[in-house]
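Step one of this worksheet: look at the structure below.
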Amino acid sequence: MLVSNTMSRRTFLLGAVSTTAVLAGCVSDRTVTPSMPAVPPSPRVQGSPYTVAELNEMYGQKEDGGFIIPAVPWNQIDPMYYRQEVQDPTGKAPGTVVVDTPNRFLYLVGENGKAMRYGVGIGRAGFSWGGNGVIKWKQEWPKWFPPKEMIERDPKLEIYSEKNGGMEGGPMNPLGARALYIFENGKDTLYRVHGNPEWTSIGKAVSSGCIRMLNQDVIDLYNRVNNLPTPIVVLQ
């Protein structure tokens, strides 16, 4: 079963009475520590399996690789897009990444019929890739090299072209904290699964074809995808 590396199972330890008894003949010398009042569990955020504290931990500000990742205002995102373990709807083999573009979900298929589900942003009509490929490479805080077609549409991006060395990794880099590179038939498709600083893009079709995730979520996915090449299926 997949378990988020930023979350622990909800285990509440109830206070108990501690009793020490020393018996001598017919005399009992007993010391009793009163139990603490039970603390009721925090209520879950409506539409999610998490409490406020758990979501603040999952999507709070983080330091990573010398960079600060800002907190995500998770209460402004539809709860169905929060990272969570679900029943696997894909039927794919464990270890497969499946992108459900119509519903804006990415699944990492696990064992025992489970999968980790993430909310994603996808490419606009005409700027999306679909099919079967593999994640052949992944990188932390990657450089960004806008494709020639993107530079033609927006000449200001020329300064980040491959011949100019690209854009250095960092919080404002369009690829965010992590990138997983999609290959098909041995060739780079130029499409990526990547983080991004624009949390408002999750659940929408706004990118130039790549699959966007919250930075906190793409770090979690990156840490789980360890066997490269990893199969990926992008459903249109």
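Would you please name the residue that is farthest from LYS204 (Cα to Cα), looking only at residues in segment 92-115 that are among the charged types (D, E, K, R) and part of a strand (DSSP E or B)?
LYS114
What single numbered condition from (1) exposed (fewer than 13 other Cβ atoms within 10 Å of the Cβ); (2) in contact (Cβ under 8 Å) with a residue 12 or more places away in the chain; (3) over 26 Å from LYS204 (Cβ atoms) fails to hold for ASN132?
With (1) exposed (fewer than 13 other Cβ atoms within 10 Å of the Cβ); (2) in contact (Cβ under 8 Å) with a residue 12 or more places away in the chain; (3) over 26 Å from LYS204 (Cβ atoms) applied to ASN132, the lone miss is (3).
If we scan segment 188-199, do we find a residue that is touching a residue at least 24 places away in the same chain (Cβ under 8 Å), touching a His at 6+ places or on another chain (Cβ under 9 Å) and not hydroxyl-bearing (Ser, Thr, Tyr)?
No, every residue in segment 188-199 fails to be touching a residue at least 24 places away in the same chain (Cβ under 8 Å), touching a His at 6+ places or on another chain (Cβ under 9 Å) and not hydroxyl-bearing (Ser, Thr, Tyr).
Yes or no: segment 128-149 includes at least one residue that is of a type in the set (Gly, Ala, Ser) and at pLDDT 95 or above.
Within segment 128-149, one or more residues are of a type in the set (Gly, Ala, Ser) and at pLDDT 95 or above.
Here are the criteria: (1) in contact (Cβ under 8 Å) with a residue 24 or more places away in the chain; (2) surrounded by fewer than 21 Cβ atoms within 10 Å (Cβ to Cβ). Tell me which single one ASN226 does not satisfy.
(1)
Here is a check on your reading of the model: is VAL86 within 27 Å of ASN227 (Cα to Cα), out of contact with any helix residue (DSSP H, G or I) (no Cβ under 6 Å at 6 or more places or on another chain) and β-branched (Val, Ile, Thr)?
Judged against the criteria, VAL86 is a match.
Of the residues that make up segment 116-123, is at least one within 20 Å of GLN84 (Cα to Cα), touching a strand residue (DSSP E or B) at 6+ places or on another chain (Cβ under 7 Å) and part of a loop (DSSP other than H, G, I, E, B)? First the steps, then the outcome.
Taking segment 116-123 and keeping what is within 20 Å of GLN84 (Cα to Cα), we get 116-122.
With the extra rule that they be touching a strand residue (DSSP E or B) at 6+ places or on another chain (Cβ under 7 Å), the set shrinks to 116-122.
Applying the additional criterion that residues be part of a loop (DSSP other than H, G, I, E, B) yields 120.
Yes.
So, in segment 143-153, how many residues would count as being within 30 Å of the chain's Cα centre (by Cα) and charged (D, E, K, R)?
Counting residues in segment 143-153 that are within 30 Å of the chain's Cα centre (by Cα) and charged (D, E, K, R) gives 3.
On the given criteria, is GLY169 more than 20 Å from VAL98 (Cβ to Cβ) and either surrounded by fewer than 13 Cβ atoms within 10 Å (Cβ to Cβ) or in contact (Cβ under 8 Å) with a residue 24 or more places away in the chain (or both)?
Working: more than 20 Å from VAL98 (Cβ to Cβ): yes; either surrounded by fewer than 13 Cβ atoms within 10 Å (Cβ to Cβ) or in contact (Cβ under 8 Å) with a residue 24 or more places away in the chain (or both): yes.
In short, yes.
From VAL193, VAL218, which residue is surrounded by 23 or more Cβ atoms within 10 Å (Cβ to Cβ), within 20 Å of VAL109 (Cβ to Cβ) and in contact with a Leu (Cβ under 6 Å, 6 or more places away or on another chain)? Write out each step before concluding.
Details: VAL218 fails: in contact with a Leu (Cβ under 6 Å, 6 or more places away or on another chain).
None of the other options fit; the residue is VAL193.
Please tell me if ARG153 is at pLDDT 90 or above and basic (Lys, Arg).
Spelling it out, it is not the case that ARG153 is at pLDDT 90 or above and basic (Lys, Arg).
May I ask you to verify whether VAL120 is crowded, with 16+ Cβ neighbours inside 10 Å and under 15 Å from the mean Cα position of the chain (by Cα)?
yes
The values are calculated or read from the model by the stated rules, or taken from the named source; none is laboratory data. Quick caveat: nothing in here was measured; it's all calculated off a predicted structure. Cβ sites come from the backbone with ideal geometry, for glycine too, and all protein chains shown count toward neighbours.
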